[in-house]
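Working notes, beginning with the structure itself.
The values are calculated or read from the model by the stated rules, or taken from the named source; none is laboratory data. Predicted, not measured: the structure shown is a model, and the values here were computed from it. Note that each Cβ is placed from the backbone with ideal geometry, even for glycine, and that neighbours are counted across all protein chains shown.
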Amino acid sequence: MIYPAGIFSPEFNVALHIENYTMKAPLFHSLLSQEIQTYGQTRHFPAETVIQEERGYIKFVPIVVNGSIRVLRTEEDGREILLYYITPGESCIMSFLGGIHQETSKIRAIVEEEAEILLIPVEKASAWISQFPEWADFIFKLYHKRFEELLSVVDAIAFKKLDSRLLNLLKQKAELFQTHEIKVTHQQLADELGSTREVVSRVIKQMEKEGLVKLSRNKIHLM
C-alpha cells in the first residue's frame, strides 16, 4: 500500500471520529473501539492519491472516516473499470480478503475526494473476526454489499449501453459529492467506464443535446 506524506495523529480519537461522521449510534462498541484506538492509524490524503496499487502487498485495511475512495480494476489491455466507491464508515472488502490471505492486491484504490482514512493492520483485522462478533458482522455485511455492487457492474457492462452507464456514473458522483455540478474530466470518466475519452466525449455531447447535462471546462452539470 502506498502512503505519501500525510497527517498521522497517534493521539487522535479514532472511534469517536468515525461515529461523528457516519451515524448517531457508535459504529463499534467499547472493547472493539479500544482495540481500534490502540492499533489503528489515521492519515489525511488529498484527492487523487493512490493508496493501493494493483499487485502490491496489503498491510492495512482502510476504513474511511470522511471523504471517499474509488476502487478500480485494470484489464489486460490497460483499460480500467470502476468497481465501487468506499464512503464514510465503510471499508474495502477486496483489501481485507487479499490481506488476510497474504495475496497481492487485485484492485487499485484512489482517493476520490479529500479523505481521512483509518488504517487497520491486516493481522488485527483478521484476528478481530473471531474476537469480536460486531466486527465479523461489519465485514460480512460489507461483503454482501460489495458483492451486489459487483453484480451491478457486470450487469451494466453486459446489458447496458454506454450512455446509460455514463448517466448512472454521473448520478453516483452527484450523490457522493452532494452536488449536481461535478468536477471531472472526460478522460477520468472514460477510465472509470473502461472506455476511451473520444467515445465518452461523443456520448456526453449527445446527452447535452438531449438536455440531460450541461457542459463546461472540466465540469458537468447534471440536470
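Residues that are hydrophobic (A, V, I, L, M, F, W, C), farther than 28 Å from residue 60 by Cα and in contact with a strand residue (DSSP E or B) (Cβ under 6 Å, 6 or more places away or on another chain): does segment 199-214 have at least one? Write out each step before concluding.
Residues of segment 199-214 hydrophobic (A, V, I, L, M, F, W, C): 199-200, 203-204, 207, 212-213.
Okay, now just the ones that are also farther than 28 Å from residue 60 by Cα, so 199-200, 203-204, 207, 212-213.
With in contact with a strand residue (DSSP E or B) (Cβ under 6 Å, 6 or more places away or on another chain) added as a condition, the list becomes 207, 213.
Yes; the residues of segment 199-214 include at least one that is hydrophobic (A, V, I, L, M, F, W, C), farther than 28 Å from residue 60 by Cα and in contact with a strand residue (DSSP E or B) (Cβ under 6 Å, 6 or more places away or on another chain).
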Leading residue by the ranking (nearest to the chain's Cα centre (by Cα)) among those in segment 31-56 that are surrounded by fewer than 14 Cβ atoms within 10 Å (Cβ to Cβ) and either more than 15 Å from residue 117 (Cα to Cα) or hydroxyl-bearing (Ser, Thr, Tyr) (or both)
55
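Pick from 129, 117, 139: which is touching a Lys or Arg at 6+ places or on another chain (Cβ under 8 Å) and at pLDDT 90 or above?
Working: 129 fails: touching a Lys or Arg at 6+ places or on another chain (Cβ under 8 Å); 139 fails: touching a Lys or Arg at 6+ places or on another chain (Cβ under 8 Å).
Unique residue meeting the criteria: 117.
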How many residues, within segment 68-123, are in a strand (DSSP E or B), within 16 Å of the chain's Cα centre (by Cα) and among the polar types (S, T, N, Q)?
3
Would you check which residues across segment 33-67 are part of a strand (DSSP E or B), more than 19 Å from residue 143 (Cβ to Cβ) and among the aliphatic types (A, V, I, L, M) and list them?
50, 51, 65
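Looking at segment 202-223, which of the residues that are assigned to a helix (DSSP H, G or I) and over 13 Å from residue 167 (Cα atoms) is modelled with the lowest pLDDT?
Here is the first cut: in segment 202-223, the residues assigned to a helix (DSSP H, G or I) are 202-209.
Now drop any that are not over 13 Å from residue 167 (Cα atoms), which leaves 202, 209.
Details: 202: 91, 209: 88.
Result: 209.
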Residue 128 being more than 23 Å from residue 67 (Cα to Cα), in contact (Cβ under 8 Å) with a residue 12 or more places away in the chain and assigned by TED's automatic domain parsing to the domain that holds residue 93
yes
Any chance residue 154 is hydrophobic (A, V, I, L, M, F, W, C), in a helix (DSSP H, G or I), surrounded by fewer than 16 Cβ atoms within 10 Å (Cβ to Cβ) and in contact (Cβ under 8 Å) with a residue 12 or more places away in the chain:
no
If you scan segment 114-138, which residues turn out to be more than 19 Å from residue 38 (Cβ to Cβ) and surrounded by 14 or more Cβ atoms within 10 Å (Cβ to Cβ)?
114, 115
Which of the residues that make up segment 57-67 are within 12 Å of the chain's Cα centre (by Cα) and either free of Cβ contacts under 8 Å to residues at least 24 places away in the same chain or surrounded by fewer than 20 Cβ atoms within 10 Å (Cβ to Cβ) (or both)?
66
Name the residues in segment 181-198 that are buried (at least 16 other Cβ atoms within 10 Å of the Cβ) and touching a strand residue (DSSP E or B) at 6+ places or on another chain (Cβ under 6 Å), would you?
182, 191, 192, 194
If I go through segment 157-199 residue by residue, how many of them are over 13 Å from residue 85 (Cβ atoms), part of a helix (DSSP H, G or I) and of a type in the set (D, E, K, R)?
5
